Amino acid sequence: MAAAVKEAEAKKPTNPPKPVAKAGEAPVEDPVDYKLTHSDVVIRTKDGVHIPNDPNDFDRREYEAWGMAGGVAVPADPPATAAPIPPPEAAPKAANAGREKEHR
């Protein structure tokens, strides 16, 4: 059974190391981990997972703990605006006037 545990640990994905600033350089900012949406769903940016607003969801509890520790999520994208629909154009009166005279 210990071999199965070691095998599972070996297959477990590891997170990449956090970036570190070199001597004399400005500190490297950690990338933002979460993005808000126009609903109550939050997106984890590193893997695109959509996190529902469910207090029993592990990812949601992790997100909320991150926020309580000072994390700030990227705001939601502005809503897409549809192009205005142009009003229907009226038929030119000059073109119709000439045709009415021809039919008389």
Filtering the range 54-66 down to residues that are in contact with a strand residue (DSSP E or B) (Cβ under 8 Å, 6 or more places away or on another chain) and surrounded by fewer than 14 Cβ atoms within 10 Å (Cβ to Cβ) yields D57
Of all residues being of a type outside the set (A, V, I, L, M, F, W, C) and surrounded by 12 or more Cβ atoms within 10 Å (Cβ to Cβ) in the range 67-86, which is nearest to D33 (Cα to Cα)? Just the residue, please.
G71
Could you run through the range 63-86 and say how many residues are touching a residue at least 40 places away in the same chain (Cβ under 8 Å) and small (G, A, S)?
2
Residue that is nearest to the chain's Cα centre (by Cα) [pool: residues in the range 56-79 that are under 14 Å from T45 (Cβ atoms) and of a type in the set (D, E, K, R)]:
D77
Does the range 13-53 hold any residues that are surrounded by 10 or more Cβ atoms within 10 Å (Cβ to Cβ), over 19 Å from W66 (Cα atoms) and either under 24 Å from the mean Cα position of the chain (by Cα) or modelled with pLDDT of 95 or more (or both), and which are they?
S39
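The values are calculated or read from the model by the stated rules, or taken from the named source; none is laboratory data. Note that this is a predicted model, so its numbers are computed, not measured. Note: ideal-geometry Cβ built from the backbone for every residue, glycine included; neighbour counts use all protein chains shown.
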